[in-house]
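Beneath this line is the structure, given in structure tokens, with notes to follow.
The values are calculated or read from the model by the stated rules, or taken from the named source; none is laboratory data. Since the model is a prediction, treat every value here as computed from it, not as a measurement. Please note: Cβ atoms are built from the backbone with ideal geometry, for glycine as well, and neighbour counts cover all protein chains shown. Please note that ligands, DNA and RNA were not included when accessible areas were found on the heavy atoms of the full protein model with its side chains. Shrake-Rupley method; radii C 1.70, N 1.55, O 1.52, S 1.80 Å.
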Amino acid sequence: MPVLSPTWTDERIELLKQHFEAGLSCREIAADIGVSRNAVIGKLSRLNLTRGRTGDDRKGQDRSFARPKAVPRLQFEMLATIYGDTDVPMVTGPIDEANRCSLLELSENRCRWPISSPGAEDFCFCGNSAPDGQSYCAGHSRLAYRPNGRARVMRG
């Protein structure tokens, strides 16, 4: 049986410390020592070696690179149609239940919002009329496509 040599010999640990103190990245240290980047990160962690950055420093730096999330154009148009341009939360009434239908009765311009659980005897779809190209009626669209800011206002 071949004898396996340990990954972290005294020489490698000394090299790790020297490279770390010199400010090399974990990738650069790993390439020079001949181990994986994850091995370097793990060993640095076990040796309690850190770069001296606090959690607050990282949070501040991460925010500077944050980009706003993009909203697809169709979803934006749906939200604008449903909510309008006001910041006042829309008061919603009950959704009409008279048009419920089965999968076989479901057509292109009918709401596809599932009612109950698939496989249950009472499983069906909403069936109300859905605007052109949309999957849900106006009532279920309000549930499915909540903008971030408005969702916070609705929760209170």
So Glu105 fits all but one of (1) modelled with pLDDT of 80 or more; (2) surrounded by 13 or more Cβ atoms within 10 Å (Cβ to Cβ); what number is the exception? (2)
Restricting to the stretch 90-142, give me the number of residues that are in contact (Cβ under 8 Å) with a residue 24 or more places away in the chain and β-branched (Val, Ile, Thr). 2
Exactly one of these conditions fails for Ile41: (1) open to solvent by less than 60 Å² (accessible area, probe 1.4 Å); (2) of a type in the set (Val, Ile, Thr); (3) modelled with pLDDT of 90 or more. Give me its number. (1)
Going through the stretch 2-38 one residue at a time, which ones are closer than 18 Å to Thr50 by Cβ, assigned to a helix (DSSP H, G or I) and open to solvent by less than 70 Å² (accessible area, probe 1.4 Å)? Ile13, Leu16, His19, Phe20, Cys26, Ile29, Ala30
